[in-house]
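The values are calculated or read from the model by the stated rules, or taken from the named source; none is laboratory data. Remember, predicted model here, so these are calculated numbers, not experimental data. Note that we place each Cβ from the backbone using ideal geometry, even for glycine, and neighbour counts take in every protein chain shown.
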């Protein structure tokens, strides 16, 4: 499994900026609570631990997989259980896995999905949240090491080939599609996200976007949500 983050994650500025997206982060935490059950879960690509910390109050055990050295140390200092490689997690040892904005960083994403499937117990669920549509690929994607963005059917096929059954698949953040397109066209080459823009979008636009997702989530959005089950 090859990932840019294994050599040191280059998007720490943007990761810190997203800490200001309180409604967005609450939405993602809500996906975990809505779709994942069990006592032991995995955060694959835990980053700064935003969601692992929240999930630790809902589940008996949260194991974080985070290869970046700085982030790994941060997670450990926060009191979280953390390993650097997926290989350090025993097969058939967790009830559920979530992974937010990680799969696109991994060159062999199908190999990663197969490895995740092997870590789940029978009946366990995988929750994925990834960026959608290569049309939106921008300087931000390049800066943080994205190999791709996904279309819905494409990701569904890869998840199925890894041995999962699809339970749910839909796009998310419909207005974010247009915001990401605007960023690509006029956002410059730095790839850095402005924390002030994050706060404004999170406060005023994201709630409206989530409402519109009910109408258009089958067709487009800035991101893609997939929930899959291991038979």
remark   = With criteria (1) touching a helix residue (DSSP H, G or I) at 6+ places or on another chain (Cβ under 9 Å); (2) surrounded by 15 or more Cβ atoms within 10 Å (Cβ to Cβ); (3) at pLDDT 95 or above, residue 68 comes up short on (3)
ask   = Restricted to region 137-167, and to residues that are out of contact with any helix residue (DSSP H, G or I) (no Cβ under 6 Å at 6 or more places or on another chain) and in a strand (DSSP E or B), which residue is surrounded by the most Cβ atoms within 10 Å (Cβ to Cβ)?
value = 150
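Closer than 25 Å to residue 166 by Cβ and either in contact (Cβ under 8 Å) with a residue 12 or more places away in the chain or in contact with a strand residue (DSSP E or B) (Cβ under 8 Å, 6 or more places away or on another chain) (or both): which single residue out of 68, 43 fits that description?
Details: 68 fails: closer than 25 Å to residue 166 by Cβ.
Answer to the check: 43.
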ask   = Here are 47, 38: which of them is modelled with pLDDT under 95 and surrounded by 15 or more Cβ atoms within 10 Å (Cβ to Cβ)?
value = 47
query = List pairs: first in region 112-133 and modelled with pLDDT of 95 or more, second surrounded by fewer than 19 Cβ atoms within 10 Å (Cβ to Cβ) and in a strand (DSSP E or B), Cβ under 6 Å, 6+ apart or cross-chain?
reply = 125/229
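Any idea how many residues of region 199-227 are assigned to a helix (DSSP H, G or I) and farther than 14 Å from residue 27 by Cβ?
Step one: list which residues in region 199-227 are assigned to a helix (DSSP H, G or I), which gives 199-216.
Subsequent filtering for residues that are farther than 14 Å from residue 27 by Cβ retains 199-200, 204, 215-216.
The total comes to 5.
Taking the stated definitions as given, is residue 75 under 20 Å from residue 226 (Cα atoms) and without any contact (Cβ under 8 Å) to a residue 60 or more places away in the chain?
Numbers: under 20 Å from residue 226 (Cα atoms): no; without any contact (Cβ under 8 Å) to a residue 60 or more places away in the chain: yes.
When the stated conditions are applied, residue 75 does not pass them.
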ask   = Among helices (runs of 4 or more DSSP H) lying entirely in region 27-126, which contain 2 or more residues that are within 30 Å of residue 211 (Cα to Cα)?
value = 50-55
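In region 168-191, how many are in a helix (DSSP H, G or I) and touching a residue at least 12 places away in the same chain (Cβ under 8 Å)?
9
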